[in-house]
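Report on one structure; see the data block that follows.
The values are calculated or read from the model by the stated rules, or taken from the named source; none is laboratory data. All values derive from a computational prediction rather than experimental measurement. Ideal geometry is used to build each Cβ from the backbone, glycine not excepted, and the neighbour counts take in all protein chains shown.
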Amino acid sequence: MKGGDAFVKLLKAFGVSHVFGIPGDSLGFYDALFREDSIRHVLVRHEQAAAHMADAFARVSGRVGVCDASSGPGVTNLVTGLATAYADSVPVLAVATTSPTKIRNRDNFQELDQPTLLQTVTKA
């Protein structure tokens, strides 16, 4: 079993029915997600919309909202929606990629310190 398959299996086990986002660089779980009929992927035009949609979904359904983004600018675009959910204690799971560890901290394309960026608007 690949990591993406395990992750989607975990989402299903937690009752996730929707994932909001944009397929990006190395979001390896998308192949597995598209094979899972019980979880619907909602394509958005901007990552900020994905975070706000996950927030709204969680508020309305009472279940966790899930959004995703690619690394760098994709993650920065999630911040406003995540901050809104965080301020109101709304359960939102944000999934994002990052640079492979062997090339991290070498000025990789669109690389930034995502954990530091997100630490004030998320719980670890």
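Table for the structure above
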read-out	value
Any hit, the range 64-72, residues being in contact with a Pro (Cβ under 8 Å, 6 or more places away or on another chain) and part of a loop (DSSP other than H, G, I, E, B)	yes
Matching residues, the range 1-31, being among the hydrophobic types (A, V, I, L, M, F, W, C) and more than 15 Å from the chain's Cα centre (by Cα)	M1, A6, A13, F14
Test for V66: is it in contact with a Cys (Cβ under 7 Å, 6 or more places away or on another chain), crowded, with 17+ Cβ neighbours inside 10 Å and closer than 23 Å to A6 by Cβ	no
Qualifying residue in the range 11-21 (condition: out of contact with any strand residue (DSSP E or B) (no Cβ under 6 Å at 6 or more places or on another chain), within 27 Å of M1 (Cβ to Cβ) and basic (K, R))	yes
Test: residue in the range 48-67 that is under 21 Å from L118 (Cα atoms) and modelled with pLDDT under 95	no
Test: residue in the range 75-90 that is closer than 26 Å to M1 by Cβ, in a helix (DSSP H, G or I) and in contact with an Asp or Glu (Cβ under 6 Å, 6 or more places away or on another chain)	no
Members of the range 31-46 found to be within 9 Å of F20 (Cβ to Cβ) and either in contact with a Cys (Cβ under 9 Å, 6 or more places away or on another chain) or loosely packed, with under 14 Cβ neighbours inside 10 Å (or both), listed by number	L43, V44
One residue from G21, G74 being touching a residue at least 60 places away in the same chain (Cβ under 8 Å) and buried (at least 21 other Cβ atoms within 10 Å of the Cβ)	G21
Of all residues in the range 77-97 being under 9 Å from the mean Cα position of the chain (by Cα) and small (G, A, S), the one that is surrounded by the fewest Cβ atoms within 10 Å (Cβ to Cβ)	A96
Any hit, the range 45-56, residues being assigned to a loop (DSSP other than H, G, I, E, B) and not basic (K, R)	yes
Pairs with Cβ under 6 Å, 6+ apart, first in the range 55-71 and more than 18 Å from A13 (Cβ to Cβ), second β-branched (V, I, T) and modelled with pLDDT of 95 or more	D55/T84; D55/V90; D55/V92; R59/V90
